[in-house]
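A short write-up of the structure that comes next.
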Amino acid sequence: MRLLIGSRQYYQFPHETPLIAMLRIHSSRVDDLELPDIVRPSPDVPIHQYVDGFGNSCDRMIAPAGEFVLTTWTICSDTGEPDLIHPDAKEIQVWDLPDSTLLYLLGSRYCETDLLSAFSWKVFGGVSPGWGRVQAVCDYVHHRVTFDYAAADATRTATQTLAEGKGVCRDFTHLAIAICRCLNIPARYCTGYLSDIGEPEPYPPGDFAAWMEVFLDGAWWVFDPRNNTRRRGRILIARGRDAGDVPLTHTFGEHKLTGFKVFADLLT
């Protein structure tokens, strides 16, 4: 299938301000694009592209004072199949894990493993290791936390999400990641597009989505504690330790987001 994906974000800047945009599709999906994935600023400004330490595509620019708009869109081919599932996938002992995965066992800005370790082992230590234990974590988070768009808070951490029992998709993801890491299962944060294909109407307003990937049986697998279902049309933008590594835009000065639109629509 073919998806029209993209976004438009409106900003007000009181002064000329440097920023980094992380809005282009991840390099792992570049071969699926029918059109170049370009960030289009208005007013037009020079852009410097680079790849960060996690392999994410980034765009550096300087926004002028006043209204500034960032637009991106492309057409992406997708199998149309739901997220892959491997119920027999096993956990790998820490001493056998690849070096590249060890970073995703450590605590990070929004995933405080030191504060959640005792809780995680108490609740999930008796669950059989492997795919089923990760799914048990997702089930717990999905039912423990209530989705509340009005409760979005850029500073909420995994422990705060557990205590407050509310949040948005990034909060569900941070809590599930932190628990998995406490259980010695590498887990990393993902952000991108998620279509509503196959989901019941009415659809919610378009937005970017957050989910996680966990390392089992020598491969990374998608889990989505917010929706807790295998979804179709999931297009990755960026990966990192948590949301602090993959902000869609990182501005180095005062600004105001005045509006945004996100779409991931099936083309006939």
Review point. Cβ-Cβ below 9 Å, separation at least six or inter-chain, first residue in the range 42-62 and closer than 16 Å to residue 11 by Cα and without any contact (Cβ under 8 Å) to a residue 24 or more places away in the chain, second assigned to a strand (DSSP E or B) and open to solvent by less than 30 Å² (accessible area, probe 1.4 Å): which pairs?
Key: 45/61; 45/63; 45/68
Study note, to complete from the structure: Of (1) within 18 Å of the chain's Cα centre (by Cα); (2) free of Cβ contacts under 8 Å to residues at least 40 places away in the same chain, residue 24 satisfies every one except (2)
Point to revise | Residues satisfying the stated conditions in the range 251-264, i.e. open to solvent by 80 Å² or more (accessible area, probe 1.4 Å) and under 19 Å from the mean Cα position of the chain (by Cα) | key: 260, 261
Practice item. For residues that are open to solvent by 10 Å² or more (accessible area, probe 1.4 Å) and either in a loop (DSSP other than H, G, I, E, B) or farther than 19 Å from residue 230 by Cα (or both), tally how many sit in the range 184-199. Key: 5
Study note, to complete from the structure: By residue number, the members of the range 208-223 that are of a type in the set (Val, Ile, Thr) and open to solvent by 10 Å² or more (accessible area, probe 1.4 Å) are 222
Practice item. Name the one entry in 181, 226, 230 that is in contact (Cβ under 8 Å) with a residue 60 or more places away in the chain, open to solvent by 40 Å² or more (accessible area, probe 1.4 Å) and in contact with a Leu (Cβ under 9 Å, 6 or more places away or on another chain). Key: 230
Check your understanding: Going by the conditions given, is residue 210 assigned to a strand (DSSP E or B) and either touching a Cys at 6+ places or on another chain (Cβ under 7 Å) or over 27 Å from residue 1 (Cβ atoms) (or both)?
Key -> yes
Review point. Out of 62, 75, 177, which single residue is within 18 Å of residue 208 (Cα to Cα), in contact with a strand residue (DSSP E or B) (Cβ under 8 Å, 6 or more places away or on another chain) and β-branched (Val, Ile, Thr)?
Key: 75
Check your understanding: Pick from 148, 139, 171: which is among the acidic types (Asp, Glu) and either touching a Pro at 6+ places or on another chain (Cβ under 7 Å) or over 27 Å from residue 5 (Cβ atoms) (or both)?
Key -> 139
Review point. Where in the range 1-105 are the strands (runs of 3 or more DSSP E), entirely inside, with at least 1 residues that are open to solvent by 60 Å² or more (accessible area, probe 1.4 Å) and aromatic (Phe, Trp, Tyr)?
Key: 2-13, 48-51, 66-77
Point to revise | Residue list for the range 113-169, restricted to those being under 17 Å from the mean Cα position of the chain (by Cα), open to solvent by less than 20 Å² (accessible area, probe 1.4 Å) and among the small types (Gly, Ala, Ser) | key: 158, 167
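The values are calculated or read from the model by the stated rules, or taken from the named source; none is laboratory data. Everything quoted here is computed from the prediction, not taken from an experiment. FYI the Cβ positions are ideal-geometry reconstructions off the backbone, even for glycines, and counts take in every protein chain you see. Each accessible area value is taken on the protein alone, full model and side chains, heavy atoms only, with ligands, DNA and RNA left out. Shrake-Rupley method; radii C 1.70, N 1.55, O 1.52, S 1.80 Å.
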